[in-house]
1. Please work out which one of (1) at pLDDT 95 or above; (2) over 14 Å from the mean Cα position of the chain (by Cα) is the condition Ile60 fails and give its number.
2. Taking only the range 129-153 into account, find how many residues are without any contact (Cβ under 8 Å) to a residue 24 or more places away in the chain and surrounded by fewer than 14 Cβ atoms within 10 Å (Cβ to Cβ).
3. Do we have Ser126 as part of a loop (DSSP other than H, G, I, E, B) and in contact (Cβ under 8 Å) with a residue 40 or more places away in the chain here?
Amino acid sequence: MKFILLTIGGTTNKHLLHLQEDYKNRIKFYLPFEMITLPEIKNTKKLSVPEIVEKESELISNYLQITDEVILLDEKGEQFTSVGFSEFISKKLLSSKKRIIFVVGGSYGFAKEIYPKANHTIALSSMTFSHEMVRVIFLEQLYRAMTILKGEHYHHA
């Protein structure tokens, strides 16, 4: 089983990129993990917001396989405490799926066609964060979940 964070567009902030790399390496100590970055849509000035969302959603859909467990990171999703998220991850670790994919959409979210492909939708917060920050926050929470499951002292309840 592999855990994947699927995103649109790269991280340009070198400080956030450094944090991403740090947490990716920490996570890999606990489980197979990969971060896949799909290319940003080109010439977006010529496109409407619905067209951008549709094109990004096509990129996401083209990457997904029918056998994947797909979890959207979306503001309308279920919110967890860190311990609750670790319990959610624990259940995923028992899954027979080969790929557990967490998906961060583009700046305007997901097209309505993506939601039926998801097995679950999670909100990291009721606040809004930049997509670059969402990556770091998710990676930190996944790392935290693994340390909770292993009984390590990173998380203090």
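1. (2) is the only condition that Ile60 fails.
2. The total comes to 4.
3. Taking the combined requirement at face value, the residue satisfies it.
The values are calculated or read from the model by the stated rules, or taken from the named source; none is laboratory data. The structure displayed is predicted, hence computed values, not measured ones. We place every Cβ from the backbone using ideal geometry, glycine too, and count neighbours over all the protein chains shown.
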